[in-house]
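Shown next, in structure tokens, is the structure this report addresses.
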Amino acid sequence: MIYLKLAEKLISQIRSGEIAPGTQLPTHRAFAESHGIALATASRTYKMLKQRGFIIGETGRGMFVRDPEIPMTLGIEHLEGEPHVDLVFNMPCAPEDGDILRSGLRWLAKKGDLNGALKYQPHGGVLSERKVFASYLSERLGVIDPDHLFITSGAQHGLSIVTLGLLARGDTVATDKLTYPGFLAAVGLRDLMLQNVPSRDGCMDPEALARICAQKRIQAVYLIPTVHNPLGSVMGEAARHAIVKVARRHGLLIIEDGAYDFLETDPPPSFLELAPERTVYVGGISKILATGLRVGYIVAPPDLGSLITMTIRATTWNTPAILTSLVTHWIADGLIQDFETTRRNAGMKGQAMCGEVLHGYKMSAHPNASFTWLWLPDRKRAEPIVAQLADLGIAVSSAEPYTIGHGAPNALRLAFGGIGDEVFQFGLEKIRAVVENAANCGGASG
């Protein structure tokens, strides 16, 4: 068919770099006229390119070439061997985000002293921007001194700073049995030991932590107390006070990961507020604004400031000023609150779809989160189900990457930030079909 040949030709030119990312393509009519084809054929060609993630349409502006190395995670592909739906990476976005970025870049271009953004910055960020972050975070974390806040190149960079700069090789960190894989990656850089602590209602059990600390030397405890990743749980205030008591008794550094805490509209007091003298709070804006905007922050006790500054210097020197200027502009302008509301609403909608399609199965999730934890039926192993879904073009994660030590539960983590409704519905229906088939025929039994 003509449209298939034209699509493959354009894909080859995009992959080779002959047509560069960002190039605006001709209108459908102009493309049809230049190739001597019908308008309908031109439309089918563009539709296939869009489905396969090589071009993207922008309202009122036309069609543009995407960088094929950047995962799309949007759109159902109809070609064998290509992923249909990516439910592994959580990349929140909305159709209007590009226009907001474009507006922000125009503001940045008109900003005074733009040359200053091209120079080295203070390692922890300029004071004026740290004040903006401190004011923004104080609304949910308690009063923050900007002198104790450090701007990082994303929350993952912040976790790496903690493991590289604040902990010593061979130290032991207590964690939940199920926890964020990015922290495990940061731990591997420093050869730290991990001690998993039993949970209660999806949160670390303070009594279990106390027993472990009484038996062995623990230097720190890593927690995701508000909207836990991957379970979505929120630790109650009483449990937080109990963990602070254990930390003070045994001299633990508390590492509080707040990547998703904006999703909870009525959170208990943060560890940073309850125990500021021993808590290092790590967060970022990628789950609020966009994963491509790598800006985060660390709030730490005064005595750890020099170590954090040295580690930032050794890893990135400073977070790029163009990014921090843009992000702090959006915070000061109040736009970030609109983003937070949009992400919470999108999470609620996605959770409702999960409940509708996967009803009857046990799930753990926060009502506003764009990810859910699907517990598989008894004795059904996750790996064969993940493989079967992959054959269908549905990418999901098992519990293995989130598990400390051995004994990963049989569960799937489904991340749907940035996934369109139609695509997500398609993926959920395929997941249910595969899980039901495994449950009925026993093909995935252990």
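The values are calculated or read from the model by the stated rules, or taken from the named source; none is laboratory data. Everything numeric in this text was worked out from a predicted model, so none of it was measured. All Cβ positions, even for glycine, are placed from backbone atoms using ideal geometry, and neighbour counts span all protein chains on display. The protein model used for the area step is the full one, side chains on, heavy atoms only, and it has no ligands, DNA or RNA in it. Shrake-Rupley method; radii C 1.70, N 1.55, O 1.52, S 1.80 Å.
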Take segment 195-347, compute every pairwise Cα distance, and split them into 10 Å bins from 0; I just need the percent in each bin.
-> 10, 35, 34, 19, 3, 0
Could you name the lysines in cross-link range of LYS47, using Cα to Cα under 25 Å and dropping any fewer than eight places away on the same chain?
-> LYS5, LYS9, LYS430
Amide H to amide H, which residues 5 or more places from ASP176 or on other chains are under 5 Å from it, using H placed in the peptide plane?
-> VAL197
Report ³J(HN,Hα) in whole Hz for each residue of segment 339-355, in order, from the Karplus equation J = 6.51 cos²θ - 1.76 cosθ + 1.60 where θ = phi - 60°; Gly and Pro get x.
-> 4, 4, 5, 4, 5, 5, 5, 5, x, 4, 5, x, 5, 4, 5, 4, x
The long-range amide H neighbours of LEU194, using H built 1.01 Å from N in the peptide plane and a cut-off of under 5 Å, are VAL173
Cβ-Cβ cut-off under 15 Å around PHE150, Lys and Arg +1, Asp and Glu -1: the net charge is -1
Looking at the chain, what % of its DSSP beta bridges pair antiparallel, to the nearest 5?
-> 60
With the radius of gyration and the Kirkwood radius both derived from the Cα set of segment 288-446, what is their ratio Rg to Rh?
-> 1.09
Approximate spin-label separation GLN215-THR172, in nm, with each point projected 7 Å along Cα-to-Cβ | 0.9
Given H placed on each backbone N at 1.01 Å, which residues far from ILE55 in sequence or on other chains put an amide H within less than 5 Å of it?
-> LYS50, ARG66
Would you work out what percent of the accessible area of the chain, with all protein chains in place, is carbon or sulfur (probe 1.4 Å)?
-> 54
Label-point separation in nm, LEU194 to LYS245, each point 7 Å along Cα→Cβ | 2.9
For segment 259-269, in order, what is each residue's ³J(HN,Hα) by Karplus, 6.51 cos²θ - 1.76 cosθ + 1.60 with θ = phi - 60°, in whole Hz (x at glycine and Pro)?
-> 4, 10, 5, 5, 6, 8, 7, 9, x, x, x
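Considering only protein heavy atoms, what per residue accessible area in square angstrom results for the chain with a 1.4 angstrom probe?
I get 45 Å² per residue for this part.
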For segment 155-162, just list the computed ³J(HN,Hα) in residue order, Karplus coefficients 6.51, -1.76 and 1.60, θ = phi - 60°, integers in Hz, with x standing in for Gly and Pro.
-> 5, 5, 4, x, 5, 5, 4, 4
Over the C-alpha atoms of segment 85-205, what are the Rg and the largest Cα-to-Cα span, Dmax, in Å?
-> 19.0, 53
Mean ellipticity per residue at 222 nm, deg cm²/dmol - from DSSP H runs of n ≥ 4 across the chain, formula -39500 (n - 2.57) | -13000 deg cm²/dmol
Percentage of Cα-Cα pair distances in the chain greater than 28 Å, rounded to whole percent?
-> 56
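Exposed loop GluC sites (Glu not before Pro) only (DSSP loop, at most 10 other Cβ atoms within 10 Å): please give the longest stretch of the chain free of them, not including the sites.
Answer - 97-276.
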